[in-house]
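The values are calculated or read from the model by the stated rules, or taken from the named source; none is laboratory data. Here the structure is a predicted model, which is why all the values come from computation and not from measurement. So basically every Cβ, Gly included, is an ideal-geometry build from the backbone, and we count neighbours across all protein chains shown. In case anyone asks, the SASA skips ligands and DNA or RNA and just uses the protein heavy atoms, side chains included. Shrake-Rupley method; radii C 1.70, N 1.55, O 1.52, S 1.80 Å.
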Amino acid sequence: LIEHTLYDSLSPARRASLHRRVAQAMEAQDRGREQPRVAELAYHWSEATAPMDLDKAGMYARLAGDLALAKLAPHEALRWYEQALRALSGQSDVDGLTRCQILTGLGDAQRQIGNPGYTRTLLDAAQLAEQLGAADLLVRAALANSRGFVSVIGELDRERITILESAVRFVGP
């Protein structure tokens, strides 16, 4: 209660400044660590709210999403990837590769929790990866975009087939 009262009494600018300082201190402590505290860093950089902090907020949110997926926590990963996309939307010069990585992770998380939107997300990621020439992301998005057994006996999905064929062309024989 005391913590919340003190926090609420700070001005938004002061809160953002404190979050930035905490994030910078955490980054300094994490140098050389095998696994930095990406979730906490993503939170503090996103709360820093200055336009210059959006890059870091997005980067750490993507890394937190990747870590959550690796730890089999797709709901948490979904939240981090969505936060990373929000951070990207506030930037003027968005890196296509970063956007593709986030979309691929987001689609994978959506698939794991049963969100039917995963198909469109992964198709968008695969098309972007193809445009960028990012074979690893194209293959990852194409392989993650599977309905499992239903793909074998269900209706023919031309978009998925096109993406799979593109992935095979990128990888080679």
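Determine whether Leu138 is touching a Ser or Thr at 6+ places or on another chain (Cβ under 7 Å), modelled with pLDDT of 90 or more and either open to solvent by 60 Å² or more (accessible area, probe 1.4 Å) or within 24 Å of His44 (Cα to Cα) (or both). Break it down stepwise before answering.
Values: touching a Ser or Thr at 6+ places or on another chain (Cβ under 7 Å): yes; modelled with pLDDT of 90 or more: yes; either open to solvent by 60 Å² or more (accessible area, probe 1.4 Å) or within 24 Å of His44 (Cα to Cα) (or both): no.
Spelling it out, it is not the case that Leu138 is touching a Ser or Thr at 6+ places or on another chain (Cβ under 7 Å), modelled with pLDDT of 90 or more and either open to solvent by 60 Å² or more (accessible area, probe 1.4 Å) or within 24 Å of His44 (Cα to Cα) (or both).
Of the conditions (1) in a helix (DSSP H, G or I); (2) closer than 23 Å to Leu137 by Cα; (3) open to solvent by 50 Å² or more (accessible area, probe 1.4 Å), Asn115 satisfies every one except a single condition; which number is it?
(1)
Look at the range 120-135 and say how many of its residues are open to solvent by 30 Å² or more (accessible area, probe 1.4 Å) and without any contact (Cβ under 8 Å) to a residue 40 or more places away in the chain. Talk me through it step by step, then tell me what you get.
Initial filter on the range 120-135 (open to solvent by 30 Å² or more (accessible area, probe 1.4 Å)): 120, 124, 127-128, 130-133, 135.
Next cut, without any contact (Cβ under 8 Å) to a residue 40 or more places away in the chain only: 120, 124, 127-128, 131-133, 135.
Qualifying residue count for the region: 8.
Only residues that are open to solvent by less than 80 Å² (accessible area, probe 1.4 Å) and at pLDDT 85 or above: list them for the range 141-161, please.
Once the filter is applied, which keeps residues that are open to solvent by less than 80 Å² (accessible area, probe 1.4 Å) and at pLDDT 85 or above, the range 141-161 yields Ala141, Ala142, Ala144.
List, please: which pairs have Cβ atoms under 9 Å, are six or more places apart or on different chains, and start with a residue in the range 16-35 that is under 13 Å from Ala57 (Cα atoms) and end with one that is open to solvent by 90 Å² or more (accessible area, probe 1.4 Å) and in a helix (DSSP H, G or I)?
His19/Tyr43; Ala23/Tyr43
Quickly run through the range 83-111 and pick out the residues that are crowded, with 16+ Cβ neighbours inside 10 Å, farther than 17 Å from Leu143 by Cα and of a type in the set (D, E, K, R).
Residue satisfying the conditions is Arg99 alone.
Give the number of residues within the range 55-78 that are of a type outside the set (Ser, Thr, Tyr) and open to solvent by 10 Å² or more (accessible area, probe 1.4 Å).
Restricting attention to the range 55-78, the residues satisfying the condition of being of a type outside the set (Ser, Thr, Tyr) are 55-59, 61-78.
Adding the requirement that they be open to solvent by 10 Å² or more (accessible area, probe 1.4 Å) leaves 55-56, 59, 62-63, 66-67, 69-76, 78.
Within the range 55-78, residues that are of a type outside the set (Ser, Thr, Tyr) and open to solvent by 10 Å² or more (accessible area, probe 1.4 Å) number 16.
If you go through the range 87-115, how many residues are modelled with pLDDT under 90 and not hydrophobic (A, V, I, L, M, F, W, C)? Write out each step before concluding.
Initially, the range 87-115 is screened for residues modelled with pLDDT under 90, giving 87-96.
Now drop any that are not not hydrophobic (A, V, I, L, M, F, W, C), which leaves 89-93, 95-96.
Here the count works out to 7.
Collect the residues in the range 6-52 that are touching a helix residue (DSSP H, G or I) at 6+ places or on another chain (Cβ under 6 Å), within 19 Å of Arg79 (Cβ to Cβ) and crowded, with 19+ Cβ neighbours inside 10 Å, keeping them in residue-number order.
His19, Ala23, Val38, Leu41, Ala42, His44, Trp45, Ser46, Ala48
Applying the selection to the range 114-128, what residues are under 9 Å from Ile163 (Cβ atoms) and within 16 Å of the chain's Cα centre (by Cα)?
At the first step, the residues of the range 114-128 found to be under 9 Å from Ile163 (Cβ atoms) are 122-123, 126-127.
Matches in the range 114-128: Leu122, Leu123, Ala126.
Considering only the range 1-110, give the helices (runs of 4 or more DSSP H) lying wholly within it that have at least 2 residues that are more than 10 Å from the chain's Cα centre (by Cα) and among the acidic types (Asp, Glu).
On the way: elements: 2-9, 12-30, 38-48, 54-70, 74-89.
Those helices (runs of 4 or more DSSP H) span 2-9, 12-30, 38-48.
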